[in-house]
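The values are calculated or read from the model by the stated rules, or taken from the named source; none is laboratory data. Small disclaimer: the values here were computed from a predicted structure and weren't measured. No Cβ is skipped: glycine too gets one built from the backbone with ideal geometry, and neighbour counts run over all protein chains shown.
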């Protein structure tokens with residue numbers, strides 16, 4: 001199994017507070033890895049290291065080694081715009097821009113300098129179909145994306161991320177702001193796409209992790225406690241702490 005990203009001894013501090021204490025994790029290509037653990041355990045912090053979203057926070061220090069397709073993403077030679085084109089991100093709250101569905105999905109392509117109108121049209125349609133939101137938007141492409149429901153907005157955001165054909169998509173609790181029906185729609189979308197893209201998803205929802213993930217990584221207090229194939233982690237975790245968490249004894 002090919003790893004598309006690897007993290008070795010990743011530490012992160014905010015000032016004097018160390019939030020990640022040396023994370024080692026291999027992220028396999030074209031699978032969905034779920035990062036689970038109690039609130040404040042470092043899941044989102046680690047996720048944001050993978051496309052350098054923590055760089056903009058004052059006083060953050062990051063050490064260790066994170067590689068994407070073998071390249072050190074923290075190297076001074078790394079082009080951040082190119083990195084974020086290959087490693088896209090979908091946030092917890094749906095964040096469509098205040099313009100049309102079409103312009104939301106075309107946004108990244110235009111920023112990347114794509115001028116071919118036909119190519120943009122084709123990519124917008126393909127991405128909305130992949131994100132399972134085409135049927136609900138195809139007659140309303142000029143409508144403001146913010147007029148749609150929360151679940152629809154989140155799928156429009158997924159389409160916007162997919163339009164630039166990333167290799168990896170980071171998802172920071174993409175369903176936590178949504179109702180159960182919208183959450184299921186997003187899960188179905190991810191299940192249909194994970195053979196084409198690599199997904200790394202932070203989730204608080206253990207049932208969701210068990211349904212959609214191929215691999216699960218359990219973090220606690222800034223440490224990676226255990227990682228493994230989903231079924232194995234849920235049925236026979238090696239670590240007592242993992243077992244206690246998965247059985248609802250804390251969290």
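The table below lists the values:
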read-out	value
Filter result (assigned to a strand (DSSP E or B), touching a residue at least 12 places away in the same chain (Cβ under 8 Å) and closer than 18 Å to residue 9 by Cβ) within the stretch 39-90	60, 61, 62, 63, 64, 65, 66, 67, 68
Residue match in the stretch 137-144 (condition: in a helix (DSSP H, G or I) and without any contact (Cβ under 8 Å) to a residue 60 or more places away in the chain)	yes
Looking only at the stretch 90-110, and only at residues there that are surrounded by 18 or more Cβ atoms within 10 Å (Cβ to Cβ) and closer than 19 Å to residue 182 by Cα, the one that is farthest from the chain's Cα centre (by Cα)	101
Selection status of residue 87, surrounded by 12 or more Cβ atoms within 10 Å (Cβ to Cβ), on the phi < 0 side of the Ramachandran plot and modelled with pLDDT of 95 or more	yes
